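Structure, as structure tokens:
Coordinate-derived values only; no laboratory data. All values derive from a computational prediction rather than experimental measurement. Neighbour counts are summed over all protein chains in view; Cβ atoms, including those assigned to glycine, are modelled from backbone coordinates with ideal geometry.
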Amino acid sequence: MNKGQVSLRGKNILGLENMLASEMELVLDTAKEMKHIIDRDIKKVPTLRGKSIINLFFEPSTRTRTSFELAGKYLGADVVNITTSASSVVKGESLRDTLMTVEAMGVDVIVMRHEAEGAAQYASNTVSPIIINAGDGAHEHPTQGLLDMFTIRQYKGRIEGLKVAIVGDILHSRVARSNIWGLKKMGAEIHVAGPQTLLPRFLDQAGIHVHNRVEDALDEADVVNVLRIQLERQKKGLFPSAREYARIFGINQARLALAKPDALIMHPGPMNRGLEIAPDVAYSEKSAIQEQVKNGLAVRMALLYLVLMGGKNIETTA
Ligand code: CP
């Protein structure tokens, strides 16, 4: 299938492990067009008028939930947010019944974040609306992977052949998994580093370079993607202390000097400043962290457009 024939219309977006490189390229190309809409004074276009989107978040979120809400609204859709702490979930309603209740209201897309790995897949097997995975446990966060690739392409002009270092809590990170599957398909050379206890076993089979010394991953890297230490998912101490982690694995200016002089610094947020990343690195001119947030909006607009409307021309006037 050539690129012109690729379509995501009606497809669930569950992860990047099973997404084609041509599908990812379609999202990235479409997101570039969407970014022009974000930069306008009047951002609203009628492309998705009459479509409805539910944000169903069982875990906290600032960036993903808000950007999906704005993405839908900028494209003219009706968007409703369900925060589970204020829903009938607290009365004991099951995931299945919650999904079926939303389905009965005739929504077109459910954007779902859930603490259980496979929850988005379960939702796609259970109800008929299109499911977009906004993060399922430590499994995948496909829209974060896509926005990270979009950001790399924006700054570097390509992904193929770049050395990308992914540093930190890989074990608990759905961002790491989506980055790894996506970047591999796009031809990047991936190096990961972190404490042995935070490096999952699948890495050995995934054809990526695994390091215990962060310095080895950073050496001549084009991109450094720093992951949040997910203290809330750690049931037992997996490293001696925060101070020890920052000393051995934290990305500071001295370590960053090992990467290429024009290396790009990324972080999916939210950050533990002073733990996995030093403040002067996070806010340095090499940092793309704020741009990642903006790009997240463009990528989510592109995805909503593509799953609901396919590859037709974008209607960009109000
Ligand atoms: N990166 C990310 O998923 O951030 P939120 O948890 O704020 O959505």
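Annotations for the structure displayed:
- Segment 109-179 and segment 250-272: distance between their alpha carbon centers, rounded to Å: 21 Å
- Residue with peak Gaussian network fluctuation, the chain [Cα springs, cutoff 10 Å], from GLY135, GLY161, GLY296: GLY161
- Local electrostatic count at ALA31 - Lys and Arg +1, Asp and Glu -1, tallied over other residues with Cβ under 10 Å: +2
- Three-way shape call for segment 58-137 based on the alpha-carbon gyration tensor, with the a/c threshold at 1.5: rounded
- Counting only DSSP H runs of at least 4 residues, each contributing -39500 (n - 2.57), and dividing by the residue count of the chain, the helix-based mean residue ellipticity at 222 nm comes to -11000 deg cm²/dmol.
- Max mean-square fluctuation residue, GNM over the chain, Cα-Cα springs under 10 Å, options ALA254, ALA302, ALA242: ALA254
- Dipole magnitude (debye, nearest 20) for segment 52-210, charges at Cβ of Lys, Arg, Asp, Glu: 520 debye
- Computed over the chain, relative contact order equals 23 percent, with contacts defined as Cα pairs under 8 Å that lie 6+ residues apart.
- Segment 124-180, Rg to Rh (Cα coordinates; Rh as Kirkwood inverse mean 1/r): 1.07
- Placing +1 on the Cβ of every Lys and Arg and -1 on the Cβ of every Asp and Glu, with nothing else charged, gives the chain a dipole about its Cα centre of roughly 340 debye.
- Averaging the sequence gap over all C-alpha pairs within less than 8 Å and six or more residues apart, then dividing by the number of residues, gives segment 30-152 a relative contact order of 23 percent.
- By average C-beta atoms within 10 angstrom, highest first, the peptides 284-290, 174-180: 174-180, 284-290
- Segment 117-222: GluC sites (Glu not before Pro) in DSSP coil with no more than 15 other Cβ atoms inside 10 Å: GLU117, GLU160, GLU220
- Cross-link pairs exceeding 30 Å in C-alpha to C-alpha distance, out of LYS91/LYS294; LYS11/LYS260; LYS32/LYS185; LYS11/LYS91; LYS51/LYS156, comprise LYS91/LYS294; LYS11/LYS260; LYS11/LYS91; LYS51/LYS156.
- For the chain, fraction of C-alpha pairs farther apart than 36 Å, in %: 17 percent
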